[in-house]
Structure formats: C-alpha cells, structure tokens
Amino acid sequence: ASDVYKRQAQYKYYRRGTTPAEVLANLASLPAGTPQRFLVQREGYQIEARIILEARSKEALAADKQKYHKIARDHFDKGQALLTEGQYSSAILYLEQAVHYKPANAYYRDNLGYGYYKTGQKDLALKQFKKSVALKSDAYYPYFHLGLIYYQKKDYENAIKVLSNAVRLRPKDDQKTVSFEYLGASYYFSDQVQPALDTFLAAHKINKESPMTIYYLGACFDRRDNKRDAVYYYKKYLRMDHDNAGWNRIARQRLHDLTYDPQKAERTRKTLLDIMEAVKKEMHDFSK
C-alpha cells in the first residue's frame, strides 16, 4: 500500500495513499485467470507488475472486502452516536476510519462532512460533500450543505448552482424551507432580486411563519420599490420579535424611511407643542 499503483492506458491506477480497501475492492472485481498489468512507482523508478488472480484468490479477496465492510460499519456507528451527542471532534476520529475502510459510501462521507462543518473545518467539509455528490448525485443532504458552505464563504455563484439542486431534490413532504431561503439569499446578494423574490415567495407558500423568509420578502419588495408590500412584511417580521439584531435594525430603519411623512410629522410636532403649552398653562393656573 506504500507503493503507487498507476493506471495509464492499459495499466490499473492507484494514487499514493490508496487504502487497502480500495485496492481490494478493485482486485476482487477482476476476472480470474486473466493477467492484469500494473505500473508500480517507487521513488524515482517504475516497475511493471503482472497479477493473475485464481478463483480461490477472488474468494479470499471477497472475504477481506466483507471484513473491511464490518470494520467500517463499526466505526461509523460509533461516530454517528458521538455526532448525535454533539461530540463532533471525537466523532470525526471514528468517521474518518469509516470512510478510510469504505470510501465509496456517500452516507459515511456526509456524516464526516457534517462533523468537519460543526468543528469549523469548512474546507474539509466541502471536500467530503463534493465526493458524496459524485458518488450519489440524487441526494438532497450533500447538496444543501455544499450550498450552505458556499453561501457562508460568499461564493454566491456556486451556492446558487448547488442549492438549486437541493431545492429540486428536497423531499416533497418536507415543511422546512431552509434550502429555499439560502438559495433566495444567494440570489439577493448577487443582485438577482427577482429570482430571489420568486424563491422566497415559494418558501412562503410552504411556511408562512419563517422569520428569514418574511424578512427577505420585505427586503426584496423594498428593492423592487414596492413600498406597500415592503412595509407589510417588515412590520410582520418585527412583530415576530426575532433575535437577529442586524435584521431587526435594518427592518426598523427601512420601515421608518418608507412610512415617514414630513407633513404628518410637522403636524404631529405642532400638536405635541400645543399639548405641552396647555399642560404648562394648567399647571401655572393651579399654582395661583
């Protein structure tokens, strides 16, 4: 396993660091009795090797493959249990071994990617989710997390590509709108306001009480110069008493700007002054 097995034209190929499980999985699939040519790289020179598998060898390889499958599963079960408990760093140690012994399992990679993500190792998480998508291109979970990481990196172009797939693959009975929301936000921050608005309206049909959806509907209508709907959604958002201080500040300021009437403000100011004068007069008369 310390050698480099290459596939160039007629040669099988394995990079340095290829796990025994990967090599065995490939060898076990080769036909018995047929010579197989390998190019083995060692330091600065190469050696051609030929292997002929016998029927018994294939059975032994199949048994080894099953053994590695069990080892991978045991490590995965321990890692997943630790993920559930929130012990992400410890979980990673087991999940890395699970992936090592069974590298073609997309579900194992999803869990390892999530562990990396929760410990702030976003580049490593990105790598695992990309490999997961390559192994299983019809799964929602890796697409969503890829998109979320791209969004957090402010790579909105890639976020839109990936999250569009997440929205497409989302379970039809899923009432969660988070994939729509991050897709909409990615459109919004890439100045594609109409697609952002359409995406948040789609999310709103599924869940009418999501603070993120309500806030961005106000922001999208605001940027589309639709004052009435912007005011409606900003007010609805602020009534939710959401804990996002930044959104709260912007919503209050925009609501003030959109509803401010200089003439009404002047009339209100004069009315307040008249009331204050009347109160002062009453207090003066009472003191006599």
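Laboratory data are not the source of any read-out in this text; all were calculated from the coordinates shown. The structure presented is a predicted model; accordingly, all values stated were derived computationally and were not measured. Backbone-built Cβ (ideal geometry, glycine too); neighbour counts: all protein chains shown.
Assuming a ≥ b ≥ c are the square roots of the Cα gyration tensor eigenvalues, decide whether the stretch 180-267 counts as rounded (a/c under 1.5), prolate (otherwise, with a/b larger than b/c) or oblate. Kindly include the intermediate steps, with their values, before the conclusion.
On the way: a/c = 2.13, a/b = 1.64, b/c = 1.30.
Since a/c reaches 1.5 and a/b is larger than b/c, the shape of the stretch 180-267 is classed as prolate.
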For the stretch 100-168, rounded, prolate or oblate, judged on the Cα gyration tensor with a ≥ b ≥ c (square roots of eigenvalues), a/c < 1.5 rounded, else prolate if a/b > b/c? oblate
From the residues Tyr216, Ala139, Gln152, which one has its Cα farthest along the dipole of the stretch 101-224 in the positive direction, the dipole being from +1 and -1 charges on Cβ of Lys/Arg and Asp/Glu about the Cα centre? Ala139
